[in-house]
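Quick note: the coordinates plus some simple rules give every number you see, no bench work behind them. Given the structure is predicted, the values throughout are model-derived calculations rather than measurements. Cβ placement follows ideal geometry from the backbone for every residue including glycine, while neighbour counts extend to all protein chains displayed.
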Amino acid sequence: MATDFRSDTVTRPTAAMRAAMAEAPVGDDVFGDDPSVNALEAEVADLLGFEAAMYVPSGTQSNLVGVMTHCGRGDEYIVGQEAHTYRYEAGGAAVLGSIQPQPLDNAADGTIPLPSIEAAIKPDDSHFAKTRLIALENTIGGKVLPAGYAGAVRELQPAAGADALARAARGKAARHPDDRPGEPDS
């Protein structure tokens, strides 16, 4: 089976995957007793080196949770023109979070040029929305970001006082071959 990572909506489950879903033990995740959700969250947290993880049912919802976790009302996030959080999610961050996107052009390899990011970071001035987040997609148009790129972006954030968030809708399958599981993108 060829795997298409352009979007989580074009990736289709195999018969074996469907059977696993049908046979999975279930419970109420609101009360924390769904063993499948608990195991998935624990595995992802361990894989990414975090204390905990939270499962949400869609990429759109996870993107909104991520942006709203880092930004407050009236803040700004820097994002690529081709990123789902800006282009394909009905302006959710602006509509539901009152968070202003600052879209920048993506380069052919999916990155946002570092000088463009640096130039877009707003000064600490009450006339501007505060830059709180630099949001990255780990794939743009099916292309995985180059190894080391997220780390280079992360180096810009202390000057900005911003956080860096890499959207990972396609998880470890979208990691660059030179990145090792459990290591941050550097």
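Table for the structure above
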read-out	value
Amide H within-cut-off set for residue 148, under 5 Å, with H built and near neighbours excluded	186
Sequence-distant residues sharing a close amide H with residue 130 (under 5 Å, placed H)	76
Farthest positive-ward along the range 70-151 dipole, Cα basis, beta-carbon charges - from 98, 138, 112	98
In order through the range 124-137: 3J(HN,Hα) via Karplus (6.51 cos²θ - 1.76 cosθ + 1.60), integer Hz, x for Gly, Pro	6, 8, 5, 7, 10, 5, 6, 6, 10, 8, 10, 9, 10, 9
